[in-house]
């Protein structure tokens, strides 16, 4: 059995603010069956941690999102994609909560494709840079495009056992976002207190007003040491898998949700921080942002 409290540190103040109920072993819940990847052991998870939206008469004790949900041509592909997303988001959240230093990858660590992308953006008066957010498993790379004009700072991120593959995917993500912003109407600045939706987290840094909050990037040291390539991404984390959709024919695709107690889930919106999760303690880091 997986209890929501093991997935996130859920404080009563937060539960009250969003209208959730506090979990206890005596609380009546609906459960769904999953399994561990490496051992195939069955495990039961409250539907609060798996599905949304929930029935109107069901008060949740956990706020779930699409984080860790993926599809693929095979079940193995879907599980891999979902776990990589969990690891990527975990690295982003840990770095934010701990305000730990990250390092910028030297151009010596980039392949010709990434170098050509950096050259392209430099001609447009912007810089494309890559940062190592790797923690204790597969490489996590954050790609950033920044400059002196709107949007001033845009980023994309990805996790992959091969850091160059992670960098390529992060580059694609940040370029799509940047091109979209350059070809749409400018939005106006917002305050951290105005952050509600996923898009708001990025929008906060499009303007001069909040650039000082990005010291992790602007003050980063440059490194010539490449992130270690991990051959077995499941060695560190044995994920819990819930089959959301099983293929009915050869043209159908599997959809899974992947969970792991040690990975810090991403959360959106100002004031929705899950302070106190055991992840930082296990990494030997301190909570700085509270």
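Numbers at a glance
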item	result
Evaluation of residue 149 against (1) surrounded by fewer than 20 Cβ atoms within 10 Å (Cβ to Cβ); (2) in a loop (DSSP other than H, G, I, E, B); (3) touching a residue at least 40 places away in the same chain (Cβ under 8 Å) (one fails), failing number	(3)
Residue in segment 2-14 that is surrounded by 13 or more Cβ atoms within 10 Å (Cβ to Cβ), under 24 Å from residue 87 (Cβ atoms) and modelled with pLDDT of 85 or more present	no
Unique match (being surrounded by fewer than 20 Cβ atoms within 10 Å (Cβ to Cβ) and within 29 Å of residue 197 (Cα to Cα)) among 112, 55, 60	55
Positions within segment 54-93 being farther than 25 Å from residue 202 by Cα and free of Cβ contacts under 8 Å to residues at least 24 places away in the same chain, in sequence order	54, 55, 56, 57, 76, 77
Subset of segment 44-74 (residues that are part of a helix (DSSP H, G or I) and within 26 Å of residue 136 (Cβ to Cβ))	49
Segment 135-146: number of residues that are out of contact with any helix residue (DSSP H, G or I) (no Cβ under 7 Å at 6 or more places or on another chain) and either surrounded by fewer than 13 Cβ atoms within 10 Å (Cβ to Cβ) or within 15 Å of residue 90 (Cα to Cα) (or both)	0
Tally of residues being in contact (Cβ under 8 Å) with a residue 60 or more places away in the chain and in contact with a helix residue (DSSP H, G or I) (Cβ under 8 Å, 6 or more places away or on another chain) across segment 167-199	4
Of the criteria (1) modelled with pLDDT under 95; (2) exposed (fewer than 13 other Cβ atoms within 10 Å of the Cβ), which one residue 20 fails	(2)
Qualifying residue in segment 76-96 (condition: at pLDDT 95 or above, surrounded by fewer than 19 Cβ atoms within 10 Å (Cβ to Cβ) and over 17 Å from residue 238 (Cα atoms))	no
Of residues in segment 102-119 being touching a helix residue (DSSP H, G or I) at 6+ places or on another chain (Cβ under 9 Å) and free of Cβ contacts under 8 Å to residues at least 12 places away in the same chain, the one nearest to residue 220 (Cα to Cα)	107
Search result, residues across segment 39-76 that are within 19 Å of residue 245 (Cβ to Cβ) and out of contact with any strand residue (DSSP E or B) (no Cβ under 8 Å at 6 or more places or on another chain)	52, 53, 54, 64, 65, 66, 67, 72, 73, 74, 76
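The values are calculated or read from the model by the stated rules, or taken from the named source; none is laboratory data. What you are looking at is a predicted structure, and each value in this text was computed from that prediction instead of being measured. Neighbour counts are summed over all protein chains in view; Cβ atoms, including those assigned to glycine, are modelled from backbone coordinates with ideal geometry.
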